[in-house]
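Notes for the one structure printed next.
The values are calculated or read from the model by the stated rules, or taken from the named source; none is laboratory data. Here the structure is a predicted model, which is why all the values come from computation and not from measurement. Cβ sites come from the backbone with ideal geometry, for glycine too, and all protein chains shown count toward neighbours.
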C-alpha cells in the first residue's frame with residue numbers, strides 16, 4: 001500500500017459529504033472507469049452498426065483479405081480493436097474494485 005498526503009482542505013470538503021478519502025477515491029475511480037467503458041462500448045456499437053457484424057466477425061473478414069487493401073476498413077479495424085480491448089481491460093479493472 002502506498003501512503004499519500006491529502007491537503008486538509010480536501011479532507012474538510014469530504015467531511016461535508018460525510019465521506020472519507022478512501023471512499024471518495026473509490027467512487028471517483030468507479031465513476032471514471034464506468035464513463036470510459038461506456039465511451040468504448042459506444043464506439044464499438046458504432047462500428048457494429050456501420051458494418052452490421054460484431055468485432056470478431058470483422059476481424060476474421062480483415063484477416064481473410066489477401067492483396068485487397070481497404071484503408072478505411074483497416075483504420076476502422078485498428079480503432080475498433082483498440083476500443084474493444086480497452087473496454088475489456090477497464091471492465092476487468094472495475095470488477096476488481098467492486
Handout entry: Out of 39, 27, 22, 45, sole residue that is at pLDDT below 95, surrounded by 11 or more Cβ atoms within 10 Å (Cβ to Cβ) and assigned to a helix (DSSP H, G or I)
Key = 27
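Listed residues 87, 93; which is under 17 Å from the mean Cα position of the chain (by Cα), surrounded by 12 or more Cβ atoms within 10 Å (Cβ to Cβ), touching a residue at least 24 places away in the same chain (Cβ under 8 Å) and closer than 30 Å to residue 7 by Cα? Give the derivation first.
Numbers: 87 fails: closer than 30 Å to residue 7 by Cα.
After applying the criteria, what remains is 93.
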Completion exercise
Taking segment 30-51 and keeping residues free of Cβ contacts under 8 Å to residues at least 24 places away in the same chain and closer than 16 Å to residue 74 by Cα leaves 46, 48
